[in-house]
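Everything on this sheet refers to the single structure shown next.
Where a number appears in this text, it was derived from the coordinates with a stated rule and is not lab data. Quick caveat, the model's predicted, so the values are computed rather than measured. Neighbour counts are summed over all protein chains in view; Cβ atoms, including those assigned to glycine, are modelled from backbone coordinates with ideal geometry.
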Amino acid sequence: MATHFPQALTMIVLTTTLSVLFGNHSIGLIYVFIATAAGQASIGWVNDYVDSNTDTKNQRTHKPLVGDSLEKQNLRLPILIALLLSVPFSFLAAGWVGGLANIFAIISAQLYNLYLSRTIWSWLPYAVSFGLLMLFVTQSSSTNLWPSWQVVLIASCVGVIAHLFNALPDLQMDQASDLGGLVVWLGKPRAVLVITILSIVIIYLLLVR
């Protein structure tokens with residue numbers, strides 16, 4: 001549960017599926033799966049680790065670190081192992097360029113966890129990480145294959161939309177706790193407007209490709 005399992009599983013399935021769609025039908029798919037799973041696990045665990053005090057204060061009982069189901073110190077070794085696994089398997093999956101793209105995507109997500117999640121820049125790591133994801137999956141198919149700028153931009157827009165949708169359910173709680181983040185700064189109506197605009201941008205880019 002501390003991995004944010006539904007979101008992590010979605011990203012694992014999405015990444016592996018995209019790799020297949022771009023032509024990866026080799027053992028490299030296993031490397032893609034492991035690299036993505038390790039990265040997503042580390043991201044979820046660090047997020048819960050960093051937010052544990054806030055989650056406890058706001059009685060977010062669906063979080064394993066709220067209450068007695070899981071202790072913070074129990075996450076330290078798994079986080080380290082997951083991060084260490086993500087590095088070699090990223091390179092095995094997609095070569096030097098694609099591997100670095102996945103590693104920087106994980107770093108971007110961890111910067112969100114550690115510094116940016118409660119700021120107006122909370123959207124930026126999502127845009128960066130989702131954009132880098134496309135470089136990772138295309139390179140996992142062939143190191144001669146590169147995503148177009150439209151594909152990268154579409155992925156970045158999807159990342160920002162995912163962030164906004166993920167943050168909207170906690171909006172009132174975050175506002176009451178005086179916590180920051182783009183959705184808190186925007187408010188629900190403007191956040192929905194941004195989602196709509198980004199969706200239109202995605203549709204336009206898909207149509208003009």
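Sorting 180-191, 83-94, 121-132 by average packing, meaning the other beta carbons within 10 Å per residue, from highest down gives 121-132, 83-94, 180-191. Working note: Cα gyration tensor of the chain, eigenvalues times five, square-rooted, sorted largest first, giving semi-axes of 29, 23, 12 Å. Cβ crowding within 10 Å, taken as a proxy for footprinting-reagent exposure, orders Met173, Met11 from fewest neighbours to most as Met173, Met11. Ordering Asp170, Asp51, Asp178 by the number of other Cβ atoms within 10 Å of each residue's own Cβ, fewest first, gives Asp178, Asp170, Asp51. Under the membrane-span-like helix rule (DSSP H runs whose alpha carbons stretch at least 24 Å along the helix axis, mean Kyte-Doolittle hydropathy -1.0 or higher), the chain yields 28-57, 76-111, 124-141, 149-167, 188-208.
The value of relative contact order for the chain, using C-alpha pairs under 8 Å at least six residues apart, is 20 percent.
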